[in-house]
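Colleague: Before anything else, here's the structure in question.
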């Protein structure tokens with residue numbers, strides 16, 4: 001079974017621990033569900049810190065991929081309805097394991113098959129893949145429409161994030177699919193946006209303002225801040241990102257990426273236009289972060305069609 005072309009898989013990865021990757025994945029999943037009103041599943045595929053998502057959502061018990069793994073080869077999509085755990089936000093959740101010792105029960109192929117089955121049930125899969133590029137995470141990355149790389153305005157993190165991008169590109173993941181999200185950004189902080197871009201040697205997709213008080217309270221309460229603090233600037237950042245990413249209205253080009261195996265000079269195409277669509281409006285930055293040039297901007301992720309339809313395999317990246 002191949003990944004459903006009408007499902008958009010977004011892998012969230014960090015170059016190191018502590019950049020806010022899991023908090024980001026949890027809140028952006030809810031923002032996607034809220035902004036699109038589509039079916040969203042949040043998958044905790046972090047082999048080291050699996051379970052943090054359940055804590056952030058105050059979910060005490062959930063079935064796992066490790067429980068599904070023994071039968072996943074012969075499973076049909078309907079079986080997974082009994083494995084995902086619904087959250088009050090409308091997002092469904094599926095963690096990798098309950099106990100780290102169960103990790104050995106999940107082969108990379110079993111994880112890949114699970115994602116393929118989930119893609120038949122959901123419009124969006126948000127996958128927390130951790131901080132390590134290994135056989136398990138590559139299975140998710142290969143099936144992703146986009147990879148969100150979470151960085152913070154710290155010199156060492158920025159250098160490690162740049163190396164992560166280079167590592168993924170060396171594995172033939174096209175640069176258009178790799179999108180850096182600058183987390184905990186302070187417009188008047190010690191490292192200005194220009195230095196961030198210089199250290200990364202690439203543009204960022206957007207920046208998320210730093211709000212330690214809101215985030216800490218959210219984590220301690222087990223309630224995502226996009227729900228508990230709907231008027232906070234950080235929530236607006238997440239909702240704006242979900243809205244612009246799913247609408248396809250605010251980026252230079254729209255549509256899915258073409259596979260590098262299809263064309264060595266692949267360019268993103270708009271689904272309804274042979275030549276793509278140009279726009280001069282990138283996703284917004286938080287107030288006070290300045291302006292950005294038009295070159296090097298990644299395209300948006302268009303929302304899956306509301307009615308059934310097929311999408312050419314060549315228009316998807318790494319299927």
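Colleague: Provide the gained length on full extension for the span residue 17 to residue 159, in nm with one decimal, where the gain is 0.36 nm per separating residue minus the Cα-Cα distance. All intermediate terms of the calculation are to be shown ahead of the outcome.
Modeller: Values: separation 142, 0.36 × 142 = 51.12 nm, distance 1.40 nm.
Difference between extended and current length: 49.7 nm.
Colleague: Counting other beta carbons within 10 Å of each residue's own, what order do 191, 204 fall into, fewest first? Don't jump to the answer; show the numbers that get you there.
Modeller: Numbers: 191 17, 204 25.
Least to most surrounded, the residues fall as 191, 204.
Colleague: What nm distance separates the two modelled labels at residue 132 and residue 120, each placed 7 Å from Cα along Cα→Cβ?
Modeller: Calculated label separation equals 3.1 nm.
Colleague: Next up: Arranged by the count of other C-beta atoms within 10 angstrom, fewest first, what order do 199, 139 take?
Modeller: Exposure proxy ranking, most exposed first: 199, 139.
Colleague: Shifting gears a bit: To the nearest µm²/s, what D does Stokes-Einstein give for region 98-158 at 37 °C and 0.692 mPa s, using the Kirkwood radius over alpha carbon pairs as Rh?
Modeller: On the way: Rh = 13.3 Å.
Rounded, D is 246 µm²/s.
Colleague: Calculate, in nm to one decimal, what residue 216 and residue 79 gain on full extension: separation in residues at 0.36 nm each, minus their alpha carbon distance. Provide the component values of the computation, followed by the final result.
Modeller: Numbers: separation 137, 0.36 × 137 = 49.32 nm, distance 3.65 nm.
Here the answer is 45.7 nm.
Colleague: Could you list 209, 155, 93 so that the one with the fewest beta carbons within 10 Å of its beta carbon is first and the one with the most is last?
Modeller: Details: 209 21, 155 12, 93 24.
The order, fewest Cβ neighbours first, is 155, 209, 93.
Colleague: Same structure, new question: What spacing in nm lies between the two simple spin-label points modelled at residue 228 and residue 201, each 7 Å away from Cα in the Cβ direction?
Modeller: Distance between label points: 4.0 nm.
Colleague: Two decimals is fine: what's Rg over Rh for region 105-243, C-alpha atoms, Kirkwood radius as Rh? Walk me through the numbers on the way to the answer.
Modeller: Values: Rg = 16.6 Å, Rh = 16.7 Å.
A ratio of 0.99.
Colleague: Same structure, new question: Give the residues of region 131-172 whose amide nitrogen is closer than 19 Å to a point set 7 Å from the Cα of residue 194 in the direction of its Cβ.
Modeller: What the label zone holds, given the 19 Å backbone N cut-off, is 153-155.
Colleague: I would also like to ask the following. Regarding region 1-85, what are the three Cα extents along the principal axes, ordered largest first, in Å?
Modeller: Sorted from largest, the Cα extents of region 1-85 read 38, 29, 26 Å.
Coordinate-derived values only; no laboratory data. This is a predicted model, so every value here is computed, not measured. Positions of Cβ are backbone-derived with ideal geometry, glycine not excepted, and every protein chain shown enters the neighbour counts.
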